[in-house]
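The block underneath contains the structure these notes are about, expressed in structure tokens.
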Amino acid sequence: MVIGNTPQLAKSLFAPTSVLTSNIVMQISNVEFDSTWNYSLHMMAFLLLLISFVLILIIRLLGRKRRDA
Amino acid sequence: MNGFTRTRHTARAQRRNKLATIGFYTLGVLVMLLIFWLLFTILSKGLPSLRLDFLLKQPEEIDPGGGIGPVLFNSFYILFISLLISVPIGIGAGIYMAEYAPDNAFTGALRICVESLSSVPSIVFGLLGLAIFAEYFGVGLTILGGGVSLALLNLPMLARVTEEAVRAVPGEIREAGYALGMTKFHVIRKVVVPVALPAIVTGVCLVAGRAFGESAVIILTAGLSTSGEMWDFNLFSPGETLAVHLWYVQSEAIVEDARQIADKSAAVLVFVVLLINFMFRFPLWLGNRRRGR
């Protein structure tokens, strides 16, 4: 919410932009059910799920290397 | 001088030691200051103008002077429903993972799944709840949907905390139980769980605080409005919670005293979360004292 919710690639640290999570919250309430927009929002959520899954996998791999050494 | 002289090397080590001590103290104090500053700003803005009727009145759309009555009630109601669902399942799953699960690839995969679920942004669970309740079952935005989605959000975290707590119970205590001829379930019920209880309660309390302050999930599953009645126990009415109301008032509402309402709601929110923590921990603290005596 503090980030400004502007759909652009930020050129500097002081430019407003937006993130996946807040965009979903902002837009999900005013999309039609069977529209591409709706599905793209769900795709964004799926991306978030994937990102956290990959991060956990990386952490697991790092932990395993530490244990083997 | 019994063989220990202050060489340049040890002098440097000592200097570094002192520096590190000062550094860690400063960082610790900094974090404490940050927390107290946050609490102080929120509470000092909201608490002085807080009256009892603000806690009980209906929220207003246009006129100033609206309260947070049904919203506050919905917060507790949804929290209660979500805990009712997530605590038994979460603790059961945690005990399974720690005591029964064999150490193979399947359990490893399950553990990775639990971990990644507990780190997923809450909005993803919100979308899941929306897809299940609003679109599949077609009941719309309801208190029940909010409670169940919150429970889903909290389950992985709860399972993890319980697993760690049960794993931390020393094996000797368990073996002593087996030596007395107790069955596995009996040992878990009478020995393991009581020892692990403080850590489990801390986990439940963390989860409750998180659920109480959660907004993204509730917006998508329980909606942005209330049924307009105080004490509405109907599971299928829309249930806006306090955190959602705070977000709504701050960003979309058109009442002229939105700022004051937001300040007061924030103060109430922080206060209730503190209260929940205190309420969960006070019995534990009391029990520890009694045992210590």
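Results, tabulated for the structure shown:
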quantity	calculated
Residues located in region B:219-240, provided they are of a type outside the set (D, E, K, R), within 14 Å of another protein chain (Cβ to nearest Cβ) and not in a helix (DSSP H, G or I)	B:A222, B:G223, B:L224, B:S225, B:P238
Residue in region B:265-282 that is among the hydrophobic types (A, V, I, L, M, F, W, C), closer than 23 Å to B:V169 by Cβ and not assigned by TED's automatic domain parsing to the domain that holds B:F36 present	yes
Qualifying residue in region B:152-174 (condition: open to solvent by less than 30 Å² (accessible area, probe 1.4 Å), of a type in the set (G, A, S) and within 15 Å of the chain's Cα centre (by Cα))	yes
Test: residue in region B:122-131 that is at pLDDT 85 or above and either among the aromatic types (F, W, Y) or closer than 18 Å to B:I91 by Cα (or both)	yes
Lone qualifier among B:A216, B:A267, B:A262, B:A243 - being within 22 Å of the chain's Cα centre (by Cα), more than 14 Å from chain A (Cβ to nearest Cβ) and open to solvent by less than 30 Å² (accessible area, probe 1.4 Å)	B:A267
All positions within region A:21-39 that are modelled with pLDDT of 80 or more and open to solvent by 50 Å² or more (accessible area, probe 1.4 Å)	A:T36, A:W37, A:Y39
Residue within region B:226-240 that is modelled with pLDDT under 80, more than 25 Å from A:S22 (Cβ to Cβ), open to solvent by 20 Å² or more (accessible area, probe 1.4 Å) and in contact with a Gly (Cβ under 7 Å, 6 or more places away or on another chain) present	yes
Hits in region A:31-45 - residues which are more than 8 Å from chain B (Cβ to nearest Cβ) and assigned to a helix (DSSP H, G or I)	A:T36, A:W37, A:N38, A:Y39, A:S40, A:M43, A:M44
Of the criteria (1) open to solvent by 40 Å² or more (accessible area, probe 1.4 Å); (2) closer than 30 Å to B:R259 by Cα; (3) touching a helix residue (DSSP H, G or I) at 6+ places or on another chain (Cβ under 9 Å); (4) in contact (Cβ under 8 Å) with a residue 24 or more places away in the chain, which one B:I68 fails	(1)
Close pairs from region B:127-152: first more than 20 Å from B:S75 (Cα to Cα), partner surrounded by 22 or more Cβ atoms within 10 Å (Cβ to Cβ) and of a type in the set (S, T, N, Q), Cβ under 6 Å, at least 6 apart	none
Among residues of region A:46-69, those that are part of a helix (DSSP H, G or I) and small (G, A, S), counted	2
Residues (small (G, A, S) and in a helix (DSSP H, G or I)) located in region B:247-293	B:S251, B:A258, B:A262, B:S265, B:A266, B:A267, B:G287, B:G292
Residue in region B:106-123 that is open to solvent by less than 50 Å² (accessible area, probe 1.4 Å) and more than 14 Å from every other protein chain (Cβ to nearest Cβ) present	no
Members of region B:130-158 found to be aromatic (F, W, Y) and touching a helix residue (DSSP H, G or I) at 6+ places or on another chain (Cβ under 6 Å), listed by number	B:F133
Considering residues of region B:124-136 that are among the hydrophobic types (A, V, I, L, M, F, W, C) and either crowded, with 20+ Cβ neighbours inside 10 Å or closer than 20 Å to B:P156 by Cβ (or both) only, the residue nearest to the chain's Cα centre (by Cα)	B:F125
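For (1) modelled with pLDDT of 85 or more; (2) open to solvent by 10 Å² or more (accessible area, probe 1.4 Å); (3) more than 20 Å from the chain's Cα centre (by Cα), each residue gets a yes or a no:
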{"position": "B:S44", "(1), (2), (3)": "yes, yes, yes"}
{"position": "B:E60", "(1), (2), (3)": "no, yes, yes"}
{"position": "B:F76", "(1), (2), (3)": "yes, yes, no"}
{"position": "B:G138", "(1), (2), (3)": "no, yes, yes"}
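The values are calculated or read from the model by the stated rules, or taken from the named source; none is laboratory data. From a predicted model like this one, the values you see are computed outputs, not experimental measurements. Every residue, glycine among them, receives a Cβ derived from its backbone with ideal geometry; neighbour counts consider all protein chains shown. The protein model used for the area step is the full one, side chains on, heavy atoms only, and it has no ligands, DNA or RNA in it. Shrake-Rupley method; radii C 1.70, N 1.55, O 1.52, S 1.80 Å.
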